[in-house]
Amino acid sequence: FGWWDRVSPAAKDPITGVTEAFLADTNPHKINLGVGAYRDDEGKPVVLQCVRNAEAKIAGCDFINVGRESNATAVGSKLVEESAKLAYGKDANVVKEGAFAGLQALSGTGACRLFAEFQRRFHPESPIYFPDPTWSNHPNIWRDAQVPVRTFQYYHPVSKGLNFAALMDDIKNAPDASFFLLHPCAHNPTGVDPTVEQWREISYQFKEKSHFPFFDVAYQGFASGDLDMDAQAIRIFLEDGHLIGCAQSFAKNMGLYGHRVGCLSVLCADAKQAVAVKSQLQQIARAMYSNPPIHGLLLVSTILSDPETKALWVKEVKVMANRIQQMRSTLRESLEKLASPLNWEHITNQVGMFCFSGLTADQVDRLVREFHIYLTRDGRMSMAGVTTSNVSYLANAIHEVTR
Ligand code: PLP
């Protein structure tokens, strides 16, 4: 019987396709601006010193014993508590009072998927609104969880900044009590974040409309270099008394991409409600993948709970963010020196790992074909792929395809 005769190949993920094409290219000048992970000034992936130190600390660890249910639960609780402090603030009442349900998740993607399943279980009719554009995997995750997917206006192609008026209109016009996904900092793919004042207005409007804010925190530290500053949006919503959902990833800001460590937290009315919510999240996780792996969990909980290692991490996050900011400035200056007739201010106005360059799909195709520079056709450039030695080649190429 032809069980799989009707199966045709799935559409390629746009980002995976860019990496494959880059790897197949043998040109020595090739540049990969598709990568979503941090690279150093030599274009190499980085193992942070805080991770090496944490590795050394757990080296003698008896994984079989740590993996036993009760021990793993204790390490998991530590990770959840420390992650919640990172998001909501170290002195936040919700953390002190335990008025939140938190669970270790399979990195940011896993945290999003867990929440999507939870949302469908308790609010099956409610859609979720994503910013337009958003990370390409968001619609996949919620669609696969059978949640209706909508968008709200976010990016303004002319200013290459935020379309704040349209965003507020969409928030007002959405049915009351809708779910909204928000990027609290370093928006992917645009690098465009609301200002603190705008976040206050957004939070106020969410209250008026009883919307639920779900924050996807994949790049905490990458926007400003400061972990607390990058959590300002979440803190504003917290102050305004919202119940919040939050997906946190340590893939980028700890460089732990392959370890899949993240956290999902859902604020609740009180500690009793938190117990019920957590038990539901655990039940969902149990059916999907049972327990997460333990090694990355130990690394992250060691980094977050050992003061010396944590201080080192805070410093290293700043170094990564500074390098990216430096590359933004250099790229913009290089284009201006070439007397490009276009305005490149958005390269330094935008923040975080990504720059939404404004290049058209045709211009991107020329960058690939003529200059061996790889990026997605929406014009998103990962600034992590830019280095001191390739930035002038990149500026020249961008100038050539845009003049
Ligand atoms: N959310 C956003 C906005 C992202 O850009 C990413 C990764 O690119 C993720 C979540 C999930 O990342 P991971 O599952 O690797 O932690």
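No value in this document is a laboratory result; all are computed from the given coordinates. Just so you know, these numbers come straight off a predicted model, no measurement behind them. Heads up, the Cβs are rebuilt from the backbone with ideal geometry, glycines too, and the neighbour counts pull from every protein chain shown.
Note on residue 272: lysines with a C-alpha under 16 Å away, same-chain residues under 8 apart excluded, are 96.
Is the shape of segment 139-261 rounded, prolate or oblate, going by the alpha carbon gyration tensor and its root eigenvalues a ≥ b ≥ c, with a/c under 1.5 for rounded and a/b larger than b/c for prolate? Rounded is the answer for segment 139-261, as its axis ratio a/c remains below 1.5. This model, with +1 at the C-beta of Lys and Arg and -1 at the C-beta of Asp and Glu, gives the chain a dipole about its Cα centre of some 500 debye.
Taking the fewest neighbouring Cβ atoms within 10 Å as the starting point, the ordered list for 392, 301 is 392, 301.
Relative to a virtual label point 7 Å from the Cα of residue 319 in the Cα→beta-carbon direction, which members of segment 346-367 show backbone nitrogen distances below 20 Å? Answer for segment 346-367: 352-353.
Work out the charge dipole of segment 64-219 with +1 on the Cβ of Lys and Arg and -1 on the Cβ of Asp and Glu about the Cα centre, then indicate which of 185, 173, 161 is farthest towards its positive end. Going by the Cα projections, it comes out as 185.
For the chain, the relative contact order works out to 26 percent when only alpha carbon pairs closer than 8 Å and six or more residues apart are counted. Starting from the Cα gyration tensor of segment 1-70, take the square roots of the eigenvalues, sort them a ≥ b ≥ c, and report rounded, prolate or oblate (rounded when a/c is under 1.5, otherwise prolate if a/b is larger than b/c, else oblate). It is oblate, given that a/c is not under 1.5 and a/b is not larger than b/c. Using only Cα atoms, tell me the angle between helix 14-24 and the longest principal axis of the chain; keep it within 0 to 90° and round to the nearest 10. Around 60 degrees separate the two axes.
Taking 19 Å as the straight-line reach from the Cα of residue 315, the aspartates and glutamates in range (excluding those fewer than 8 positions away in the same chain) are 40, 41, 55, 82, 226, 228, 230, 306. Between the residues 86, 356, 152, the greatest Cα displacement towards the positive end of the dipole of the chain, with unit charges on the Cβ of Lys, Arg, Asp and Glu, is found for 86. Pairs 12/172; 160/207; 278/310; 207/278: which are spaced more than 30 Å apart, C-alpha to C-alpha? Over 30 Å apart, Cα to Cα: 12/172. Under the convention that each Lys and Arg Cβ holds +1 and each Asp and Glu Cβ holds -1, the size of the dipole of segment 53-177 around its Cα centre is about 100 debye. Inter-part distance, segment 348-364 to segment 150-210, computed on C-alpha centroids, equals 20 Å. For segment 259-377, what class follows from the C-alpha gyration tensor (a ≥ b ≥ c being the square roots of its eigenvalues): rounded when a/c is under 1.5, otherwise prolate if a/b is larger than b/c, else oblate? Prolate. When each of 284, 324, 244 is scored by the number of other beta-carbon atoms lying within 10 Å, the sequence from fewest to most is 284, 244, 324. With helices as the sole contributors, the chain gives -15000 deg cm²/dmol at 222 nm; each DSSP H run of n ≥ 4 counts as -39500 (n - 2.57), and the sum is divided by every residue.
DSSP beta bridges in the chain, what fraction antiparallel, as a percent rounded to 5?
Working: 18 of 35 bridges.
Given both bridge residues lie in the chain, the antiparallel proportion sits at roughly 50 percent.
Separation of segment 239-291 from segment 78-116 is 5 Å, based on Cα centroids.
Between the Cα long axis of helix 196-209 and the first principal axis of the chain there is an angle of about 50°, rounded to the nearest 10.
Spacing of the modelled spin labels on residue 169 and residue 57, each 7 Å from Cα toward Cβ, amounts to 5.1 nm.
For the peptides 163-174, 258-269, the ranking by packing is 258-269, 163-174, with the highest mean count of neighbouring Cβ atoms within 10 Å listed first. Scanning the chain for GluC sites (Glu not before Pro) that sit in a DSSP loop and have at most 11 other Cβ atoms within 10 Å, the longest stretch containing none of them is 126-403.
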